[in-house]
Amino acid sequence: MTRNVRSATTVVAIIAVALAAAGCAESAGSGGATSSGSASGDIKIGAVLDITGAGASLGVPERQALEMLAAQVNSGGGVNGRKINLLIEDDQSTEAGAAKAASKLLSTDNVDLLLGASRTGPSLAMRPLAEAAKKPMISLAANQKIVEGSKWVFKTAQNDRVVIERLVGDMKANGYKNIAIARDASGFGEGIPEMLTEVGKDAGIKVVKVEKFAPDATDFTAQMVNIRAAKPDATLIWGIPPAASLAQVAYKQLGIKAPVYQSHGIGNQVFLDAAGASANGLRAALGKMLVADQLAGNDPQKPVVAKFISDYKAKYGQNPSTFAGHAYDGFTIAIASLKKAGTDPNKLRDALESTSSSPGVSGVFTMTPTDHSGLTKEALVMVTVENGKWKVLDGPK
Amino acid sequence: MSDLLQLVWSGLALGAVYGLVALGFVAIFSVREIVNLAQGEYASLAGLSAISAVAAGVPLLFAVVVVVPFVVAVSVAVERVAVRPVRHMTPLVSIILTLGISTALKAAMLLFWGPEAKALPAFPGKDFVFAGVSVRSQELWILGVAAVVSYAVVAFYEHTTAGKALRACAEQPIAARLLGISPRTATMVAFAIAGFTGAVAGVVGSPIYLSSWSSGLTLGLKGFVAATLGGLVSFRVAMLGGLLLGVLESLAAGYGATGYRDAVAFVVLLLVLLVRPQGLALKATGVRV
Amino acid sequence: MERLRGFLPLLVLAVVLAIAPMVLPVNLVNMGVYALIYGLAAIGLSLLMGLAGQVSLGHAAFFAVGAYTQAILVTKTQVPGMLAAVLAVAASMLVALVVGLPLLRLRGHFLALATLGLGIIVAVVARELEVTGGTSGIFGIPKPSFLGRIYDSPQEYFWLLAPFVVIGLWLAQRLVHSRTGRALGAVNDSEVAAECLGVNTYALRVRVFVLAAGYAGLAGVFYAHWLAVVSPEAAGFELSVTLLLMVVLGGLGTVWGAVIGAVAVEALDEGMRSFIPKLIPGASGEVQLLGFGIVLVLLVVLLPGGLAQLWARVTRRRGIAAATAAVSRAEHDGNDAAMEYSGLQALSRLLAQADVTESGSPLLSIRGLTMRYGGVTALGDIDLDVRAGEILALIGPNGAGKTTAFNIITGVLQPTAGTVTLRGKQVQGRRPHVIATLGATRTFQNLQVFGSTTVLGNVKVARHLRSRSGIFRGMLGLAGREEREIEDWARTAVAALGLTEHADRPVTDLAFGQQRKVEVARALALAPALLLLDEPMAGLSGTERDSLAWLLRRVRSAGISVLLVEHDVDAVMALADRVAVLDDGRLIALGEPEDVRANPAVIAAYLGTDADDDALVRAAAARTVPA
C-alpha cells in the first residue's frame, strides 16, 4: 500500500515541480488572465510574425518596425494616456504555429487587437480564431481570401489581385501573351494562376505552364527546365526570398531569354542580395517605399514614407523593406483607430472600417465595411532592378 | 534531350553532396554500429562558418580550408563528450544520443547565425553551356571534390594499415584490442573522418544549395539513404548511391510532381530495406531471429 | 485487493488533473493542455519503445493521420464529431497496420530509420494533396461541443482531455502486466528465446505498433480541435522527436513515464523559450531545441532510464527489494489454489501435462539436412530420427555442425536443403514459435534468460501457448482466472527444479548454474513433447550435472523426448539411449553409446588422426572395451 502511495506522491511532486518551474519562467512574460475590453491600463497589441522559418525575411523587419513604432508611441505619452504593451509571438512560419500563438494571445493574454501573420497561410489560420474571439485582426499578408467576407479581419499588404491587375497592365502594354508561372506552393501562391487567367482574359493573356516550388526549395532545375520547354513570352515568379531569388538565379542560369515578372513578395534587400546580377531587368509591381527617392514631390505618401525610412535607418542601420512597411501601416492604422474609439472591440472595428484616405507606406488606405483591404492598384508602381538597385519604370496607371 | 541532360546533370551535382554526407555515415558505422544522426549538421556548420569567415574578410579558399578542420574538431569533441562516456551502446541508445547531438547543434547554429538561409560565394570559375546544358562552375567543383574525397577515403580504409585496423575494430573488437588497436582511437578517427566528409559537403554545396541551421536534416537523411544502399559499410556504393539518388530526385521533380521530390529518397529507403534486408545486415548468416 | 492498489496512483492523478485547472494560472493550464495531448500519444509510443523495444522516429505520422482525418471529416462532411473521432483513430490504426506489416520485419537501426522515412513520406503527402489542404492544411476546425457545452477555454479542454489520459494510462498499465505485456517484455529481453517459447514475435510487434498508432491518432483528434488548424508539420520530424524525448525523459520502461515526460518536456519547452532570450538577447524561434538536445544527450550519458530511473534510485535506498518481495508474496496471498508443492510432486505434476505420443514412434525426423554458407558446407545430408520417450545425444568435435543442426531443427536457421518433420508436419524453415506450438522447445548454450524479470516471470512466459488472452482482454483486466492458472503452473515448474526460494528474485541475481535451471524449468513449463537442450551441462559443477542427468531421466520416463547437444562425452554416454556423432558436417555414427564409443571413425574424429593410423586407433579401441 505504502509503495503505491509513495509513487503517487512522487508523480504529484514531479508534476508540481515542473509546473512551478514553467510558471516561474512564464510569469515573467505574460501575466495572468485579465478581463477583456478594459477601459484603462495598458493597451495590449499582440503580433504573430514569421520570425523564424520560411517567412523570416518578412517577419524580422516587421518585428523591428513594430518595436520601433511602439517605442515611439509610448515615448509620446501613449494613446490617450495609455501605454502600448506590444506582445510579439513567433509562429515559425507555420499555420499551426500561428494558430497556437494567436490562441495564446487571444485567450491567455487577452489582447485588444491582433496583428499578423506575415504570410497568407498563417493569416488564414488565425482568422477563425479572431472571429470566434470577436477581436479585430490586421493581417500583413497578401491574399485577399484573408479578408473576404470577414467582419473582424483587415489587411495592409496590397491584395494579390491588385498586384496581378498591375502586372497584366504591363504585360498588355508590352505585348506578352503566353505566360509561364512558377509559384510558391504555400497559401501565398495558391490561386495565382487562376487569377492571372481571369484578370488577363481581356488582354488575351494565357497561362501556358504552371510550376510549383516549396518555400524552402533550393533546387529549381526541374521547374525551370519545364518552363523553358514551354517557350513563354514572359514568366511570372510568385514567391518570397530565398525561394524567389533562387528561382530567379536558376531561370537566368538556364539561359531563358523571356523577361521575368516577380510578385510583391520580393520587396527587400534580402532578395537583391541573394539574386545578385540575375535580378537585373526583372519587372515587379511594388509599394512605393523602395523607390521613395524617385517619387513625385506632391505624392501624399512621400512624407510618410520618407520619415519611416529615416527613422528605421537611424535605429537599425539599414533601409526598411516593404514588409516593414506593411507592419507600419497595420500599426499606425490600429493606433489611429484606438485613439478614436478606445479598446471596445466593436467600436474599434468600426473605427478601423472608417479609415479613409490615410496615406501609409504601402499605399493610401480607404477601408469600408465591404473592403477590409483598403488599397487599389494606385498603391503600386512598376519597378525594375538596374545594377542591383530598384528603379521606377513608370508612374501608377 | 537537353532537358533530360540538364536534369541529370543537376541531379548528379546534388547527388555528389549526398554522397559526401553518406561517406560520413559509413565511416562511423563501419567502425562502431552507430548511425550518426548529426551527420547533416556537420555540413550546415561548415557552410555557415565559412560564410561568417568570408563575411569577416577572409579569402574564400582560405576560409574553406580553415573551416574543415574546425568541423573535424567539433566531430571529435562530440565523440569525446557524448559518445565515449556511454557504457552500454545499443541501437536505441545511439539513435537517441546522436539525435540529441543533432538537435543541440541545430539550436546552437540557430542562436549563432539566425534563421535565414545563407550562401557561400561561389568558388572561382566560369559557368558555361555545353551540349545545351547549363553548367555552373560550382557544380564542377562539387563533382571534382567528391571524386577526390571518395577516392581518398576508400584508399585510406582499404590500402593503409591504419584504415584496415579501423575495419578490424568493427568486425572483431576484442581481437583488435589484443593486437594493440585501440577501439577508442578507432572511434575517434572514424568521427574525425565523418566530420571531414560532412564539412566538405557543406562548403562545396553551400554556394548553390545554401546553408542554414535546419538544412542539415534533409541532407543528413538523404545521405543516410545513400549509405544504406551500400549496406552502411561500402564507401563506393554510398557515393554511387548518392549520385543515383540525386538523379532520381531530379528526374522525379522534372517529370513527375515537384512536391514529391523529398519523398523519393524515403521511398527508395523503404524499398531497399524491405526488398533486400539480407544485403544490408552486417553479418549475412541467414539468422532470422 | 490487488486491483485497488493499482488504482491508487491513477486516482491520485485523476484528482490532480481535476484540481489543476482551478488552481493554476491560465498560461500553465494552456501548457497542460498540450502536455496532455502529446502525453496521450507518448503513452502509445512508450508501449512501443519501452515494452516492445522498437524505436519509432516517425510516430508523428499516425498523430497526423488522426488529426487530418478528424479535420477533414468535421470541416468538409456532415459526420458528427464523436463518430469522426472514432473513424480518425481507426484510420491511424489502419495506416499503421498497412505500413507495419512490411516494416516490422526490420529491427534495430533499420526499423528506426524506416519509421523516420515513413514520417517524412506522410508529411510530404499531406503537403501535396488537395484533400489535406496542401501546405496550408485545414483550418477552421470548430471547438468540440459535448453534452451541450462548448469546450473552448484551456480549463474546459483540460477537463475534457483528463479522463482520456487517465483511462489511456490505466489501460496501458494493465497491458504491461498482462500476458501480452509479459510476452513483449520477453521479446525485448531475448527475441529468440521468446520465439522458441511460442511467442509469435512478429504478430505481437505489429499489434503493439497498431495500438500505439491508435493512441497517437486519438491525440491527433484532440490536437485538431484545440489548435483549430492541422498543417503538414503535424507529421513533422520535430514532433516525432518531441514525442521520443517525452518517452525517454520519463523513462523508457514505464507508461507513467510518458505522461511525466510529456509534462516535463512541455515545461522545459516553455521555460526555455522564456529563459534563453534573456540569456542571449535577440535569440528567437525554436531555441528550446537547445534544451531538448542537451537534455537528450545528458539523459543517455547519465540517466538512461529517465526520470523513472531517478525514482527507482531514490526508492532503492529504502530497501525496495525486500518490499517488492513482500508485495509480490502478498499479491498472491489470496490465491488459495496455489499450493506449495514439494519438488518431486511438482515435477510429477509438471511432466504429466505433456502431450506425449506413443513411446518408440518417431517424433522428429530429419532427412537430407544440408546447410551451406557460400563455399562452406556446414552440414551435409544428415538423416536422423528422434523417437518418443528417448534421450538422443548429438556429439562431435568442435566445428562439426552440432549447433547448426540444432538451430535448424529449432527454427532459428533455415537449411539450404532437406526436411525436418515434427509429429508428421514439416517444419524446416518455419519460425521457432511454430515449432513450439507443435510441442518442441529448447534451452540455449549462451543463456537467454529474460533479464528484466524474476525467475517466476521467466517461467510464466512459457505458458504463453497454453493461455489465450490477447491485447483486448489484457487491457481490460479480464484475464484474472487465466493469470492465476499461469501463476500456478509457473510455480509448479519452479518447484520442480528446486528453485522455489528464488522464485521472486530477479533472474540476473542468480548464479550461472541456477540460471541454467531456470531455462530448463521454463522449457518444461511449456509442456513439450520434445525438449532440445543446447550444451546444458556447460558451466555446471559435478553435483549439478548429476542432478540434471537425474532430471532428464525423469523427463524421459514421463514420455518426453530429449535431444541434447553436449561436449561432456562421459555424462552423455551414461545418460543417452542413443548417440549421434557429427564430424565435419557429416553423420559418422548413430547407435547405442557403447557401439558409438568403440567406433573407429568416432575415435579418429575426436583424436584428430586419420582412420589409417591403425596402431593408435586399435589401442584406443582396446582401451574402451570393458574389461
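Just a few scattered comments:
- Residue count for the stretch B:44-61, restricted to those that are more than 13 Å from every other protein chain (Cβ to nearest Cβ) and surrounded by 24 or more Cβ atoms within 10 Å (Cβ to Cβ): 5.
Residues are listed down the side, and each one gets a yes or a no for (1) of a type outside the set (A, V, I, L, M, F, W, C); (2) in contact with a strand residue (DSSP E or B) (Cβ under 7 Å, 6 or more places away or on another chain):
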site: A:ALA217; (1), (2): no, no
site: A:PRO232; (1), (2): yes, yes
site: A:LEU236; (1), (2): no, yes
site: A:SER245; (1), (2): yes, no
site: A:GLN262; (1), (2): yes, yes
site: A:GLN269; (1), (2): yes, no
site: A:GLY287; (1), (2): yes, yes
site: A:VAL291; (1), (2): no, yes
site: A:ALA296; (1), (2): no, no
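- Filter result for the condition that a residue is under 28 Å from B:ALA122 (Cα atoms) and part of a helix (DSSP H, G or I), over B:VAL76, B:VAL93, B:VAL71, B:VAL81: B:VAL71
- Neighbours by Cβ (under 7 Å, 6+ apart or cross-chain): first from the stretch B:241-254, β-branched (Val, Ile, Thr); second part of a helix (DSSP H, G or I): B:VAL247/B:VAL8; B:VAL247/B:GLY11; B:VAL247/B:LEU12; B:VAL247/B:GLY15
- Candidate set: the stretch C:296-314, residues that are surrounded by 16 or more Cβ atoms within 10 Å (Cβ to Cβ) and away from chain B (no Cβ under 14 Å); chosen: the one modelled with the lowest pLDDT: C:TRP311
- Residue match in the stretch A:51-73 (condition: over 23 Å from the mean Cα position of the chain (by Cα), surrounded by fewer than 24 Cβ atoms within 10 Å (Cβ to Cβ) and modelled with pLDDT of 80 or more): no
- Total residues in the stretch B:192-232, condition assigned to a loop (DSSP other than H, G, I, E, B) and either within 21 Å of B:VAL72 (Cα to Cα) or at pLDDT 90 or above (or both): 6
- Checked against (1) assigned to a helix (DSSP H, G or I); (2) surrounded by fewer than 21 Cβ atoms within 10 Å (Cβ to Cβ), A:LYS257 passes all but condition (1).
- Residue match in the stretch B:135-146 (condition: more than 28 Å from B:PHE235 (Cα to Cα) and exposed (fewer than 15 other Cβ atoms within 10 Å of the Cβ)): no
- For the stretch A:337-366, the set of residues classified as assigned to a loop (DSSP other than H, G, I, E, B) and under 20 Å from A:LEU140 (Cβ atoms) consists of A:THR355, A:GLY360, A:VAL361, A:SER362, A:GLY363, A:THR366, listed by residue number.
- Any chance C:ALA495 is buried (at least 18 other Cβ atoms within 10 Å of the Cβ), among the small types (Gly, Ala, Ser), at pLDDT 85 or above and touching a helix residue (DSSP H, G or I) at 6+ places or on another chain (Cβ under 8 Å): yes
- A:GLY204 within 11 Å of chain B (Cβ to nearest Cβ), at positive phi and surrounded by fewer than 22 Cβ atoms within 10 Å (Cβ to Cβ): no
- Considering the conditions (1) touching a Pro at 6+ places or on another chain (Cβ under 8 Å); (2) surrounded by fewer than 17 Cβ atoms within 10 Å (Cβ to Cβ), B:LEU179 is excluded by exactly one of them, (1).
- Here A:VAL153 fulfils each of the conditions (1) within 14 Å of chain C (Cβ to nearest Cβ); (2) out of contact with any strand residue (DSSP E or B) (no Cβ under 6 Å at 6 or more places or on another chain) apart from (2).
- Residue in the stretch C:586-593 that is buried (at least 18 other Cβ atoms within 10 Å of the Cβ), at pLDDT 85 or above and closer than 30 Å to C:SER467 by Cα present: no
- Output for the stretch B:243-269, where each listed residue is farther than 15 Å from C:ALA123 by Cα, at the interface with another protein chain (Cβ under 8 Å from one of its Cβ atoms) and crowded, with 21+ Cβ neighbours inside 10 Å: B:SER250, B:ALA253, B:GLY254, B:LEU269
- Number of positions in the stretch A:350-369 that are within 16 Å of A:LYS134 (Cα to Cα) and over 20 Å from the mean Cα position of the chain (by Cα): 3
- For A:SER123, the conditions (1) of a type outside the set (Val, Ile, Thr); (2) more than 17 Å from C:ILE138 (Cα to Cα); (3) in a helix (DSSP H, G or I); (4) modelled with pLDDT of 90 or more all hold with the exception of (2).
- Any hit, the stretch A:121-128, residues being in contact (Cβ under 8 Å) with a residue 60 or more places away in the chain and within 23 Å of C:GLN155 (Cα to Cα): yes
- Residues in the stretch C:475-498 that are touching a Lys or Arg at 6+ places or on another chain (Cβ under 6 Å) and either under 23 Å from C:GLY542 (Cβ atoms) or of a type outside the set (Val, Ile, Thr) (or both): 6 in all.
- For the stretch C:14-62, filtered to residues that are of a type in the set (Gly, Ala, Ser) and more than 27 Å from the chain's Cα centre (by Cα), the residue that is modelled with the highest pLDDT is C:ALA35.
- Residue within the stretch B:54-62 that is among the hydrophobic types (A, V, I, L, M, F, W, C) and within 13 Å of the chain's Cα centre (by Cα) present: no
- Residues in the stretch A:284-302 that are touching a Pro at 6+ places or on another chain (Cβ under 8 Å) and assigned to a helix (DSSP H, G or I) were compared, and the one that is farthest from A:GLN262 (Cα to Cα) is A:GLN301.
- Leading residue by the ranking (farthest from C:PHE209 (Cα to Cα)) among those in the stretch C:106-132 that are more than 7 Å from chain B (Cβ to nearest Cβ) and among the charged types (D, E, K, R): C:GLU130
- The stretch C:172-202 - residue that is away from chain B (no Cβ under 12 Å) and more than 19 Å from C:GLU482 (Cβ to Cβ) and, of those, modelled with the highest pLDDT: C:ALA172
- Taking the listed residues C:VAL86, C:VAL16, C:VAL12, the one that is without any contact (Cβ under 8 Å) to a residue 40 or more places away in the chain, closer than 18 Å to C:TYR215 by Cα and surrounded by fewer than 24 Cβ atoms within 10 Å (Cβ to Cβ) is C:VAL86, with no other qualifying.
- Each residue in the stretch C:401-415 was checked for being part of a loop (DSSP other than H, G, I, E, B) and buried (at least 23 other Cβ atoms within 10 Å of the Cβ), and 5 of them qualify.
- Test: residue in the stretch A:367-387 that is closer than 25 Å to A:ASN143 by Cα, among the hydrophobic types (A, V, I, L, M, F, W, C) and assigned to a helix (DSSP H, G or I): yes
The values are calculated or read from the model by the stated rules, or taken from the named source; none is laboratory data. Model, not experiment: these values are computed from the prediction. Neighbour counts run over all protein chains shown; Cβ positions are idealised from the backbone, glycine included.
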